[in-house]
Structure formats: structure tokens, C-alpha cells
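One structure is given below, encoded as C-alpha cells.
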Amino acid sequence: MLILLDIDGVMVPTTSWKPTEILSDGFASFSPRAVNNLQSIICNTGAKLLLTTSHKSRYNNSEWEQIFKTRGIIASIHKLEDNNDNLNRREEIVRWYIMTNISESFVILDDDKSLNGLPEYIKNKTIVTSGTVGLTLEEAETAINILRKDELVKA
């Protein structure tokens, strides 16, 4: 199982009136609520993380694992390939889907509204969060249901 994860607007709610706290590792602090909700998805499904965030190229996979661990999330972390073609998020995800011929269950967590334009077979696995709120309990439960439903269909 796989969680395609954006960070800004999912793990780090964005607000114009409150600056984002930067931790000693140089990366933004995650919302405690989003941390709990993402950890719940991981614990309930065993899903790995595939970072889709625009920050993905800043660190290697082991550095990302440490960043997430510092923020209370233990997970296997991978990332989309670097976006050298300057694709938008929707195009990046469609390219990933076509190139990997993915057979495992996945869910997409992102605040990018352009993902509403994904092909239906991908869009129905997408949860678009509110960028000012981040990942909610209800969205985490929906993500768990999407991942479990896909596993049941494949069984």
C-alpha cells in the first residue's frame, strides 16, 4: 500500500497570518493533528509514503525518514522522481501512474485542486485537503477505507 503525500497544505497547514515554525533540521514543523492522522493511516494499513511534494528533491530518502521521525511519523519513505520537465502535480501523478504500471493499493493526499482533473480511475483514490486545515481525521478514515477497499478487490 502506498500514500502519495504532499506536505504543504496536508502536513503543514498554510496560513497567511501565522508564520510556519521551522525546526532545527531546517524543515517546517508538521501539524500535530496531521501527524496523528497520517500515523493512523500508516498503522492501520502498513502503507509506505511516496512524496509528491515540491520539496521532494531537497533531501534523499533516509533524510526524509529522519525528518518524519523527528515529527513523530515512522514510515518507509520514497519520492517521485525529480520534476525536471516542470510538470504540474496532476501531470506528475499521471506520468507516475503510467510509468510504474502500479499494481498495489494507493491513495493520494494533497491540497492541489488541480487533482480534481485527474482521470477518474486515479481521482477516486484522491483526497484533496483544505490547505489551511491539513489532514483531518475524516480524511484519514477515508484514506484507510480506500486502501482497504482496493486490497479486498485484489484478494
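Any read-out appearing in this document is the output of simple, stated calculations on the displayed coordinates, not a laboratory observation. Bear in mind that the values here come from a model prediction, so they are computed numbers and not experimental data. Every residue, glycine among them, receives a Cβ derived from its backbone with ideal geometry; neighbour counts consider all protein chains shown.
In percent, what relative contact order does segment 1-113 have, based on Cα pairs under 8 Å that are 6 or more apart in sequence?
Worked out over segment 1-113, it gives 39 percent.
Can you list residues from other chains, or at least 5 along the same chain, whose modelled amide H is less than 5 Å from the amide H of THR126?
The list, which skips near neighbours in sequence, is ILE108.
For the chain, modelled as a Gaussian network with Cα springs under 10 Å, which listed residue fluctuates most, ILE73, ILE108, ILE127?
ILE73
Give the long-range amide H neighbours of ILE73: residues separated by 5 or more places, or on another chain, with amide H under 5 Å away, using H modelled in the peptide plane at 1.01 Å from N.
The answer is none.
Quick check on the chain: of the DSSP beta bridges with both residues there, what percent are antiparallel, nearest 5%? Can you show the working numbers first?
Numbers: 1 of 16 bridges.
That works out to approximately 5 percent antiparallel.
Please list, by residue number, every one of the GluC sites (Glu not before Pro) in segment 1-104 that is coil in DSSP and has at most 15 other beta-carbon atoms within 10 Å.
Passing sites in segment 1-104 are GLU21, GLU81, GLU104.
Mind scanning LYS79/LYS123; LYS18/LYS125; LYS69/LYS149 and naming the pairs with a C-alpha gap bigger than 26 Å? Show your work: numbers first, answer last.
Details: LYS79/LYS123 20 Å; LYS18/LYS125 31 Å; LYS69/LYS149 28 Å.
Over 26 Å apart, Cα to Cα: LYS18/LYS125; LYS69/LYS149.
Just ASN101, ASN116, ASN61 to compare: in a GNM of the chain, with alpha carbon springs under 10 Å, which one fluctuates most?
ASN101
Shape of the chain from its Cα gyration tensor (a ≥ b ≥ c, root eigenvalues): rounded if a/c is under 1.5, otherwise prolate when a/b > b/c, or oblate?
Because its axes are fairly even, with a/c under 1.5, the chain counts as rounded.
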